[in-house]
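The values are calculated or read from the model by the stated rules, or taken from the named source; none is laboratory data. It should be emphasised that the depicted structure is a prediction, and the values quoted were computed from it without experimental measurement. In this analysis, Cβ positions are derived from the backbone assuming ideal geometry, glycine residues included, and neighbour counts consider all displayed protein chains.
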Amino acid sequence: SLTVSEALWKETPVVGSEIGGIPTQIIDGKNGYLVNPRDYKEVAEKTMDILSSETLQEKMGRKGRERVREKFLITRHIEDWLDLWHNLLTECKAF
């Protein structure tokens, strides 16, 4: 979800559900928490964990920004595409 990526980029830890693309963005316990959306107690506990610790907020926030930078920024995708094309062209020249 774009909303999750935006929050992580702004160094905001996220409590998200284990559906759709969210688990690819949130690393449970590192940059936020993955929870069962029907388990209200777990959602509340994980939210309170984050809200009650400024140190945890900062640590998870930094990890979230790193995750977005490494995996989801357009520049990351462009680098991957350029590497792919470079490798393909190099292999074609070998034939």
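Some notes on this structure:
- Test: residue in the range 10-25 that is in a helix (DSSP H, G or I) and of a type in the set (Lys, Arg): no
- Residue match in the range 22-37 (condition: exposed (fewer than 10 other Cβ atoms within 10 Å of the Cβ) and modelled with pLDDT of 95 or more): no
- Applying the criterion of being under 17 Å from residue 10 (Cα atoms) and surrounded by 10 or more Cβ atoms within 10 Å (Cβ to Cβ) to the residues of the range 65-95, the residue that is farthest from the chain's Cα centre (by Cα) is 73.
- Filtered by the rule that a residue be closer than 17 Å to residue 73 by Cα and of a type in the set (D, E, K, R), the range 4-58 gives 6, 10, 11.
- All positions within the range 5-23 that are within 15 Å of residue 47 (Cα to Cα) and without any contact (Cβ under 8 Å) to a residue 40 or more places away in the chain: 15, 16, 17
- Test: residue in the range 49-65 that is in contact (Cβ under 8 Å) with a residue 12 or more places away in the chain, in a helix (DSSP H, G or I), in contact with a Pro (Cβ under 9 Å, 6 or more places away or on another chain) and among the β-branched types (Val, Ile, Thr): yes
- Hits in the range 2-53 - residues which are under 18 Å from residue 71 (Cβ atoms) and among the basic types (Lys, Arg): 10, 30
- Look at (1) modelled with pLDDT of 95 or more; (2) touching a Phe, Trp or Tyr at 6+ places or on another chain (Cβ under 6 Å) and you find that residue 5 fails only one, number (1).
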